[in-house]
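Student: Take a look at this one; I'll ask things after.
Please treat every number below as a calculation from the coordinates, not as lab data. Just so it is clear, the model here is predicted, and its values are computed rather than measured. Backbone-built Cβ (ideal geometry, glycine too); neighbour counts: all protein chains shown.
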Amino acid sequence: MGEIKTDILNKSKLVSDLTTLLSFVKKGLFSTVKGFKLALAVMVLVFAIRAVVGGNLIPNAIANIVNAIKNNDYKTWSKLWLGIEIFLVAGILYIATEFMLYRYFLKLAEGIVELKKIVLERIVYRKYGDNPEDLVGKISSDIDFVVWNVNAVLTTFIPNLFTGISSAFTVLNFDKSIGIVAIITLLPYIALAEYYSRKVEPIRLEERRNYSLSITAIRDAVYGIQNGNRITNILSSWRKAMGSVMWYDRLFWGLGLTVQPLSISLIAYLSIASVFREAIDAGTIAGILSASLGAHSAMINAVWALCIESQTVAAIKRISSYFIDIDDRKQPAPIITRYRT
């Protein structure tokens, strides 16, 4: 059984892409941006706190409020006020933690600057034989694309994964059998993301190449350098690649947003049946539906982050040869020192 799980993980495109992305974070950002590890740790802590609030505290607050109103008994009014207080605390935590993310975003901008310096340095020492026009695009566009997309993956995947897990466990705490069903209904999103990642990476690789070439083609056109239909052909190829990416985007969201209401309908049916059997009360069903909706919303966004990851990996592969081999950095770096003041 363990060997089967290992084989599945080894063949999974999502796992392979995540490994590539984390390698970029480690070798491309940890080693070049001082303080990035701490900033990233703070970001993870922030999203863990928010996951507990959104995935557990708020559904329980809703359950308390519903039961207090339904029973209309002064003995249960304390639950009503507890629910309201939880909402107030949640608002304060969301505001406070947002400012804790500021340093993390500053470090991302610093990472873009440092990586561009490294690429320029290695061009001098290693004298790459890349297409010079494509190389300009790699430096001016791909590095920005990679860093901001890595950020999009991390700041979408981590909080939504935490929230999805927290919400799923909350449903389990309310009712074990319904919780198991809720978890099973989350699995189609992972299958959709796996399919998407396999289809989109080669398309995004082609899009990035054409985008890079378009930068210098546009420059030539502005300066009056005639290249026939070159710029038209490049932009046409770029548009075609982007059209393919957008088609798979629509396929993912179309199917994903179909899974969500169907799953919630099933969970609602099971919850109502449990109420009729008097296995759970009205407040519990409110909490289950709230947590289930939170789990599905979080999971579809978490796996969408993995879809973005598959697009980002294509660009990472285009620039990775310039920074993954950190041994080159032992050489003198006149360009880097020239940039620094």
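Student: Could you work out the local net charge near V44, counting Lys and Arg as +1, Asp and Glu as -1, over the other residues with Cβ closer than 14 Å to its Cβ?
Tutor: +4
Student: With +1 on each Lys and Arg Cβ and -1 on each Asp and Glu Cβ, how big is the dipole of the range 2-325 about its Cα centre, in debye rounded to the nearest 20?
Tutor: Dipole of the range 2-325, to the nearest 20 debye: 620 debye.
Student: Could I ask something else about it? Jot down the per residue volume, in cubic angstrom and as a whole number, of the convex hull over the alpha-carbon atoms of the range 20-81.
Tutor: 77 Å³
Student: Let me ask you something else. What are the semi-axes of the equivalent ellipsoid for the range 143-241, taken as the square roots of 5 times the Cα gyration tensor eigenvalues, largest first, in whole Å?
Tutor: 46, 15, 7
Student: Going highest first, how would you order 210-216, 113-119 by mean Cβ packing within 10 Å?
Tutor: Final packing ranking: 210-216, 113-119.
Student: Starting at 0 and stepping by 10 Å, how many percent of the alpha carbon pairs of the range 2-325 end up in each bin?
Tutor: Reading the bins upward from 0: 6, 21, 26, 22, 14, 8, 3, 1, 0.
Student: Can you list which of the chymotrypsin sites (Phe, Trp or Tyr not before Pro) found in the range 219-285 are DSSP loop residues with at most 16 other C-beta atoms within 10 Å?
Tutor: Counting only loop positions with at most 16 other Cβ atoms within 10 Å, the chymotrypsin sites (Phe, Trp or Tyr not before Pro) in the range 219-285 are Y223.
Student: Continuing with this model, one more query. Name the residue farthest towards the positive end of the dipole of the range 151-242 from the options T185, Y196, P159, assuming +1 on Cβ of Lys and Arg, -1 on Cβ of Asp and Glu, about the Cα centre.
Tutor: Y196
Student: While we're on this one: Assign unit charges at the C-beta atoms only (+1 for Lys and Arg, -1 for Asp and Glu), then state the dipole size of the range 199-293 relative to its Cα centre in Debye, rounded to the nearest 20.
Tutor: The calculated dipole for the range 199-293 is roughly 560 debye.
Student: Normalised by the residues of the range 2-325, what does the relative contact order come to in percent, with Cα pairs under 8 Å and at least six apart? If you can, show how the numbers build up before the last one.
Tutor: Numbers: 371 pairs, mean separation 105.2, N = 324.
Answer for the range 2-325 is 32 percent.
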